[in-house]
Amino acid sequence: MTDRENYLRNASMTGPQWTPAAVVFSGATWRELGKDLEDVILRHPTLWPGFKKGDVKYGDMHQREEVRIESDAWGCQWETAIDGLIGIVREHPLDDWSKLAGYQPPDPLHADPNQYRQPTMIYPYVTDWDKVRRDLGEARARGELTRGSLEHGFLFLRLTYVRGFENLMIDLAAGPPELQTLIDMVTDFNEKIVRQYLGIGIDVMEAGDDLGTQISSITGARTFHRWLTPAYQRLFLPCRKAGAHVALHSDGYIMDLMDEFAQCGITIVNPQDLVNGIDAIAREVKGRFCIRLDIDRQKILPYGTRCDVRALIEEEVRKLGSPRGGLEFIAGIYPPTPADNVDALAGALEEFRTYWWDR
């Protein structure tokens, strides 16, 4: 089975041969660990095939002393204190609804590269669709998985960036007519991007919108259903109709939003493991969606022992995995995670990679 075939069979729960896994590193981690991290990657070619010494120029990464202030294409002013980590929005262009009448969103299909320079974003906006078309066509010809992506925070978080968090919470409760106008504006923007990717042809549409706090979802299911479900459906149901999977990342506790996700056409859910609870994920998500499990980065990876890391992966494979598939792993590595724990994680992912098919 190729990586693409295995991934799609796992996502569809139709019998893969191994559990997919990805480990990604923040720029801050590369700057902190440098050669030690490079050595770990070189010891685990299963997870990082083709990686060569010197591929990442970590020696050129330096922490800036000053706090950076920069505006994005929507007019949101970001403050970034640590290079390699996303900042926070300090100024919101629609902090007062009186500014809505003259507000113009960016155009994702005719982007000025300078306007769209956003180092704070995980998925920067596309500024050259011809290149995307060529790249995806070449990947497809090589038999590789093809993905499209919306920016991290494509809808709910973008509303908070534009309005301000407190303002948006009041809007969701009070329901002013301007709120639907803004939601439609942001959805229209994203819909143009989705249509571009579907026109090119993709296997998976990637999207991220952090919807949870440490203990609950930010909005209840009823509020989500009223304001956000219709927008999510506009974006994701066409992907399903075109035969593409829809993968939604969301940090925080999101178990009470699973019914809404199902209505929106989402097929791959990316929850954080310990925040939501492994048993709760088994109860609410397993067999219903493919689980792209976000491995704990608050306690175990940064502060646990090698044994703690291995035990966590084993428990998750046993409770959330299946011979049918439906489980994949993703780990984001941030300071102060030590290189030894990254090595332990890679070893555990390799060890349990074929657990359900070797038994």
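Each reported figure results from applying straightforward, stated rules to the coordinates on display, with no laboratory input. Every value quoted in this text rests on a predicted model; they were computed, and no experiment measured them. Please note: Cβ atoms are built from the backbone with ideal geometry, for glycine as well, and neighbour counts cover all protein chains shown.
Partner lysines whose Cα lies under 20 Å from the Cα of Lys35, excluding those fewer than 8 positions away in the same chain, are identified as Lys52, Lys53, Lys57. Dividing the summed -39500 (n - 2.57) terms of all DSSP H runs of n ≥ 4 by the residue count of the chain sets its mean residue ellipticity at 222 nm at -12500 deg cm²/dmol.
Computed from the C-beta positions of Arg283 and Arg195 and an R0 of 45 Å, the FRET efficiency is 0.80 to the nearest 0.05. When only Cα pairs below 8 angstrom with a gap of at least 6 residues are kept, segment 248-322 shows a relative contact order of 30 percent. Average projected area of the Cα convex hull of segment 290-359, in nm²? With the hull built on Cα positions only, its mean projection is 4.3 nm².
With a simple spin-label model that places each label point 7 Å from the Cα along the Cα-to-Cβ direction, the separation between Arg306 and Asp128 comes to 4.4 nm. When each of the peptides 36-43, 56-63, 243-250 is scored by the mean number of other C-beta atoms lying within 10 Å of its residues, the order from highest to lowest reads 243-250, 36-43, 56-63. Over the chain, Cα pairs under 8 Å with separation of 6+ residues give a relative contact order of 21 percent.
Distance between the 7 Å Cα→Cβ label points at Asp340 and Arg226: 5.3 nm. What is the distance in Å between the Cα centroid of segment 299-316 and that of segment 205-276? Spelled out, the Cα-based centre of one part sits 27 Å from the other. Extents of segment 139-277, taken as max minus min of Cα coordinates on every principal axis and listed largest first, are 50, 36, 23 Å.
What does the charge add up to near Thr223, with Lys and Arg as +1, Asp and Glu as -1, over the other residues with Cβ less than 13 Å from its Cβ? Once all neighbours under 13 Å are counted, the net charge is -1. Computed 3J(HN,Hα) for segment 34-43, one whole-Hz value per residue from the Karplus formula 6.51 cos²θ - 1.76 cosθ + 1.60 where θ = phi - 60°, is x, 4, 4, 5, 4, 5, 4, 4, 5, 7, glycine and proline marked x. Other residues whose C-beta falls under 11 angstrom from the C-beta of Arg324 contribute a net charge of +2, scoring Lys and Arg +1 and Asp and Glu -1. Sequentially through segment 87-101, phi angles give Karplus couplings (6.51, -1.76, 1.60; θ = phi - 60°) of x, 10, 8, 9, 10, 10, x, 10, 5, 9, 4, 4, 8, 5, 4 Hz, Gly and Pro residues having no value and appearing as x. In whole angstrom, segment 162-240 maps to an equivalent ellipsoid with semi-axes of 25, 15, 11, each derived as √(5λ) from the alpha carbon gyration tensor and ordered largest first. With a Förster radius of 22 Å applied to the beta-carbon distance between Arg234 and Arg142, the computed FRET efficiency rounds to 0.10. For Lys319, the lysines whose Cα comes closer than 28 Å to its Cα, not counting residues fewer than 8 places off in the same chain, are Lys286, Lys299. Each Lys or Arg adds one and each Asp or Glu subtracts one; over the other residues with Cβ under 12 Å from the Cβ of Leu136, this totals +1. State the percent of C-alpha pairs, over all pairs in the chain, separated by a distance greater than 29 angstrom. Summing the P(r) of the chain above 29 Å gives 43 percent of all pairs. Here the mean projected area of the convex hull built on the C-alpha positions of segment 202-331 is 7.9 nm².
Find the Cα radius of gyration of segment 271-325, compare it with 2.2 N^0.38 Å by division, and give the number to two decimals. Ratio of Rg to 2.2 N^0.38 Å for segment 271-325: 1.12. Each peptide in 156-165, 295-304 receives the mean, over its residues, of other Cβ atoms within 10 Å, and ordering these scores from highest gives 156-165, 295-304. Based on C-alpha pairs under 8 angstrom that are at least 6 apart in sequence, segment 200-356 has a relative contact order of 20 percent.
Divide the volume of the convex hull around the Cα atoms of segment 144-191 by the residue count and you get 74 Å³ per residue.
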